[in-house]
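Taken together, the values in this text are just the output of simple stated rules run on the coordinates, not laboratory data. The structure displayed is predicted, hence computed values, not measured ones. Cβ: placed from backbone, ideal geometry, glycine included. Neighbour counts: every protein chain shown.
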Amino acid sequence: DSAQAFAVGINHFLNPALVGVIFATVTLIIATTLSTMLLSVGTVLRMVYRDFVPNATDTNQLKYSRFGTVAFALLTLFPTLLIGRTTLTPIFMIVLSIALGPHSFPVTMGLFLKKMKESSAFWSIILSTAAGFAWWLFGDPTAVHPIYPTVATSWIVGLAVMLLPAKKLTSEN
């Protein structure tokens, strides 16, 4: 099957450590490409909005840019869920989901909230990455698409930590 030639080739002919480095590199390339693409989409949308609504405030331009960026990201993400698993190597899907899924909460909330707790972003990334690895090691990676456990954990943990009351420091602490 030509769709799996790359993955099968490196799995059969290379050292497992080198295979891991290659998959990590490919995942990094994809993540960097996606972040650059979303940044450029936001910039272009803001410029287009500014041209069509010349008296728009910076706040309105920013809102339009944020909503447009999220809409674009969702529209480009949706078709990837429709791709058959036979065309992608299961290990690649797992690595990609564990690398990108945990960032869904911090990136989305960072776009829309003026002040988000650093701790909610930190813990959502750490615990959803751990959940992704646990799902991979102990779960059934072929029964559920790998993005669901990582994204769900990212949002649950991120919202839970964000809603916790801030601990006030007193002179006694």
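Using a simple spin-label model with pseudo-atoms 7 Å out from Cα toward Cβ, residue 30 and residue 138 lie 2.5 nm apart.
Placing a label point 7 Å from the Cα of residue 14 along the Cα-to-Cβ line, the residues of the stretch 95-114 whose backbone N sits under 20 Å from it are 95-100. Note on residue 47 and residue 159: the extension gain reaches 37.1 nm, defined as 0.36 nm multiplied by sequence separation minus the Cα-Cα distance.
Peptides 53-59, 127-133 ranked from most to least packed by the mean count of surrounding Cβ atoms within 10 Å: 127-133, 53-59. Using the Karplus relation 6.51 cos²θ - 1.76 cosθ + 1.60 with θ = phi - 60°, the per-residue 3J(HN,Hα) values for the stretch 118-133 come to 4, 5, 5, 5, 4, 5, 5, 5, 4, 6, 6, 5, 4, 5, x, 5 Hz, with x marking Gly and Pro.
Taken along the Cα-to-beta-carbon direction at a fixed 7 Å, the label points for residue 75 and residue 4 span 3.4 nm.
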